[in-house]
Amino acid sequence: MRETDYIKRDSEYYFTLENAPEKRTIGEMPAIWAEKFGSRTAFVADDEEISYNEMSAKTDLLVKGFLSLGIKKGDHVIVQLPNTASFIYTMFALEKIGALPVMTLPAQRVSDLRGIFETVSPVTYIIPESYLGYNYSEMAKQMKEITPSLRYIICDGEMEDTVRFSSLFLEGAAPEYEKPAYNDIAHLLLSGGTTGTPKLIPRCHAEYLYNSEKAAERCGVTEDDVLLIAIPVSHNFSLSAFGILGVFLNGGTVVLCPYPSVDEMLPMIEDWGVTALQLVPVLVSALIDTVSWDDSCDISSLRIIVVGGSVFEKELAMKVEPELDCKLVQVFGTAEGIICMTSLDDSYEVSASCQGKPISEFDEIRIVDEGLNDLPQGELGEFIERGAYTIHNYYMASDEVNSAAFTPSGFYRTGDKAKIDENGNLVVVGRIKEQINKGGEKIMPSEVEENLCKADFIRDAAVVGVPDEVMGSRICAFIISDRETTLEEVRAFLKSLGMADYKMPDSVYQISDFPLTKVGKVDKKALEEQAKA
Ligand code: OOB
């Protein structure tokens, strides 16, 4: 038990993992669900329906495969799989063994992942052969070179010098192995604000199940629900809010959509009778646009759309119920913990204008000023929180990083600007910290700036986010250079450093000097105004 599992407040232990309803590990769950839900369909991937029985059986075969590679409790495994059955088996098998999957996203590239590999010294890296036109072999080679601890790369497909994923489903008796406890770390998530210094979020088995259960309860999930996952399945939103775990806990069905595209989603909604979607605002906007002219797919099975990840403009939110004929639930979530959601009985006006209330009675939410003093209801300030499933520390992070992110009494500082409205609901309006949120993807300007400054033709760079109707924000880079350059050249340079596509500037402006604030800092507000003009 970690010391930080207890937070002492008013001489009471207000919540500990000891009180978590299910003292289980996530890896134990497939067998428990197989007992309960048997031949019902747990998930659909690649047009194939997998029952709860099969999910449990395949997980056990893969456990034997992973054990045969010497993977054991406490080992770090970097998982970078897209929305496939392989991801689901991998997660459960590693978590059954107590090895720690680090949940990365398929879109991440060398420069995003290098720091993570250095921090955790993984023994294994699991990748697809290719995804969305990108072949992972080059990245696999580079990671191998810089990671002495890496014993195996497992590829879900064909690739030289890798172990083939499909060869790891081993029959026969399982050898004895040390198992994890319910309050051990289950997996590591990446913080939304991942920069050159990666922040890893340690989530534990029982609290993570509790989080998923409470989110599913808020959304009224039952065994009749069919949830389509089109955003990356390895993200906290897809895993636990209410996510695949929220569905499995209730015996429902998950449908894995391989790409986050409306064209892929629509026929799957009809074919599988999908009742629930979890989307970022930009996908909702695309969905509403498409169904307004294309009625070739029947989406009448939809019961609920859960929207979160970035600010959802009220105007668009108000269209969900009339245009898609289903209930809107807004969610504010963080991989660090807190999940706030609107309720099924909120009026359509309310669910379009706020992110609701915390899902657990043990969550404590506050809006504070810069000195961490509580602000009156209705005033905007920083949203901070702590509770039953919120972490108290980043994993393997310095004291400096932790004390910047958590208050001395264990509140996580989200860095989001928010208020509590007259109904007690959370309303998030944007960021206090400088992070850019582009369609739910989180980009730290400092990371893009540092990379830009590595170009010999760039003397200095400043990056700002500018409001964008569709994406929420777009990324504008201001650069000082001795010669003319183009957006294409700048992007090609950043690509050569291995920077992910989603972090690429959408526009580049050349200027001779940066505007400065009174204290001599680059005046980013002035740059934003310039980019908007
Ligand atoms: C989700 O998790 P992360 O860890 O990728 O990002 C968390 C950050 C928040 O601090 C906030 O800046 C932003 O994403 N955010 C929202 C939001 N939901 C998340 N900003 C405005 N409105 C919202 N509704 O993004 C995440 C995790 C679980 C469920 C949903 C989203």
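Coordinate-derived values only; no laboratory data. In this text the structure is predicted, and so the values were computed from the model without any measurement. Cβ coordinates were reconstructed from backbone atoms using ideal geometry, including for glycine residues, and neighbour counts include every protein chain displayed.
Observations, loosely collected:
- Calculated P(r) tail over 18 Å for region 368-518, as whole % of Cα pairs: 67 percent
- Label-to-label distance for Val470 and Asp161 is 4.0 nm, based on points extended 7 Å past Cα in the beta-carbon direction.
- Between region 238-298 and region 475-501, the alpha-carbon center distance in angstrom: 35 Å
- Put a dot 7 Å past the Cα of Asp399, heading toward its Cβ, do the same for Gln377, and the two dots end up 4.0 nm apart.
- Contour minus Cα-Cα distance for Lys141 and Lys36 (0.36 nm per residue): 33.5 nm
- Förster-model FRET efficiency, 22 Å R0, Asp456 and Gln510, C-beta, rounded to 0.05: 0.90
- Using C-alpha pairs under 8 Å with a sequence gap of at least 6, the mean separation divided by the residue count of region 64-125 gives a relative contact order of 47 percent.
- Compactness of the chain, taken as the C-alpha radius of gyration over 2.2 N^0.38 Å, stands at 0.95.
- Region 206-431: C-alpha gyration tensor shape, a/c 1.5 cut-off, then a/b vs b/c: prolate
- Short-range pairs are left out: with C-alpha atoms under 8 Å and at least six residues apart, the relative contact order of region 50-180 is 30 percent.
- Per-residue extension of 0.36 nm, minus the Cα-Cα distance of Glu323 and Ser446, leaves a gain of 40.3 nm for this segment.
- With Cα atoms defining each centre, region 122-160 and region 421-444 are spaced 34 Å apart in the structure.
- In this simple spin-label approximation, Glu422 and Trp293 carry label points 7 Å from Cα along the Cα→Cβ vector, and these lie 4.1 nm apart.
- Over 31 Å apart at the Cα level, from the set Lys72/Lys503; Lys58/Lys503; Lys179/Lys438; Lys144/Lys433; Lys319/Lys503, are Lys72/Lys503; Lys58/Lys503; Lys179/Lys438; Lys144/Lys433.
- Globularity index of region 16-138, i.e. its alpha-carbon radius of gyration over 2.2 N^0.38 Å: 1.15
- Cα gyration tensor, region 435-532 - rounded (a/c under 1.5), prolate or oblate: oblate
- Remark: relative contact order (the chain) = 11 percent; criterion is Cα-Cα distance under 8 angstrom and separation of 6 or more residues.
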